[in-house]
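Report on the following structure.
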Amino acid sequence: MNSQGLRGGVHKKSQILTTSRPVNSQKTGALFEDRDDDADDDDNKSAPGKENESERSKIDPTVVDDAKFDALLSKEESSKKAHEGYSRKTRHSRTGKRLTRMVEENIRMVEQNIEETDLQEMRKLEEQNNRITAFLESPDTNKTISQRPPRLRNRSSSSREKDKYEEILAVRLRYLKMFKIPPMLFADELREKAKKHLPILELVLTGERSSMFYHKAREVFQASNNAVLTTNELRTLDLNQFTAGFYGIRRQMLISVDIINAYESTLKNLSSKTLKWWGVRDFAQYVLAPELLCALCCEEMNLTTQEAWDVMEDTTEFGRIVADRDPLETFEMENEKRVLKKLGLDDRFFSKTYRVHNAVARDKLKQKQKHKQKQKQKQKQKQKQKQNSGGSGSVGEEIEVT
């Protein structure tokens, strides 16, 4: 092998010996020339020469690229420096490196399924927040937003209380003028007066006395497809038809408790299908209690049963708005008086005013009715005296009249 063969690049498969020092083309050429001379001497000394030739690597200088080789070396040196600096500062353990490598390998970009409508809503919220922020940061914000007035809730609650009492007064005066409703009774007074009419309920249960409320209860039972009265059916019922008119639902429930205490065993033993469908408690509250209060209404207002039924149908608003808000116990009067004083309302809104005035008016009305009955009896006696004495009774009449 000669120098011309090496320089010409005849060999197809050439190998490159790498070194840690940079190599340039000039030094490489000189090195190749020296090696050619040494190779010629060795060829002259040793005849075979094939063994030495197989041990030496053949290099093609045309294949060597100094720029790429320099770049490769600089990259390796920079990576070593960076690694040394990083390890010198942080000094991570092998476990930390392993965990870091595992986290980096497991990191994946996950595709999110976000709809266009969600994006639009997010944009709207962002725009709204931006507008609010801009408004709050503007100098005119302090002028626009005023401080909340003190005790605003107390004022609103007091105004609602005043509206409630004004409504009660308006309804009370209207119904007192139309129907001359008797004064509302306290619990003890109501129970004492209603106790006298308890035997009427036995006549209603046996069918000896007609009852408007029992008739309506039977119609509801016949129109139902259920075996008993359900909660949904009770909610859909027009309970104004089963209310004791101007007495109100509070006093009606109070009377129903007394009815159950007196007739619970009797009601359970009855075979009435209407009663069994309604149940003992609901039947006592919505049928028997208003019927008992109807009998009390006949006593207080001097009405017939049919007239009392009509009054109860026409005065349900009074019972709901006035009677149910009027005190049922005597101790409730003090609380009512204190509230009215706090609201600055006069005695026109006080329920006690109408209890006293109505009682006095009721007493006067009873006295007038008794006086009229006495006058009728006197007139009948006069007519009988005329018939018996003929014309001689004229003087007596004049004396009595005078």
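Coordinate-derived values only; no laboratory data. All values derive from a computational prediction rather than experimental measurement. Counting neighbours? That spans all protein chains shown, and the Cβs are built from the backbone with ideal geometry, glycine included.
Assuming 0.36 nm per residue, please report the length gained on full extension of the stretch Lys195 to Glu219 beyond their Cα-Cα distance.
Stretched fully, the Lys195-Glu219 segment lengthens by 5.8 nm.
If you plug each phi of the range 290-305 into the Karplus form 6.51 cos²θ - 1.76 cosθ + 1.60 with θ = phi - 60°, what whole-Hz ³J(HN,Hα) values come out, in order, with x for Gly and Pro?
Computed from phi, the couplings for the range 290-305 are x, 5, 5, 5, 5, 5, 5, 4, 4, 5, 6, 9, 6, 10, 7, 5 Hz.
Starting from the exponent 0.38 and prefactor 2.2 Å, build the expected Rg for the range 226-378 from its residue count and divide its actual Cα Rg by it.
Taking the Cα Rg and dividing by 2.2 N^0.38 Å, one obtains 1.30.
Of Lys216/Lys337; Lys337/Lys370; Lys195/Lys352; Lys196/Lys352; Lys196/Lys216, which sit over 30 Å apart, Cα to Cα?
Lys216/Lys337; Lys337/Lys370
Run the quick spin-label model on Lys177 and Arg160: label points 7 Å from Cα toward the beta carbon, then report their separation in nm to one decimal.
Spacing of the two 7 Å Cα→Cβ label points: 3.0 nm.
Could you list the residues of the range 167-198 with an amide nitrogen less than 19 Å from a label point located 7 Å from the Cα of Glu334 in the Cα-to-C-beta direction?
186-188
Among the listed pairs Lys162/Lys341; Lys180/Lys342; Lys162/Lys342; Lys177/Lys341, which have their C-alpha atoms separated by more than 19 angstrom in this model?
Lys180/Lys342; Lys177/Lys341
So, counting K/R as plus one and D/E as minus one, what does the shell of residues with Cβ under 14 Å around Phe221 add up to?
Charge balance near Phe221 sits at +1.
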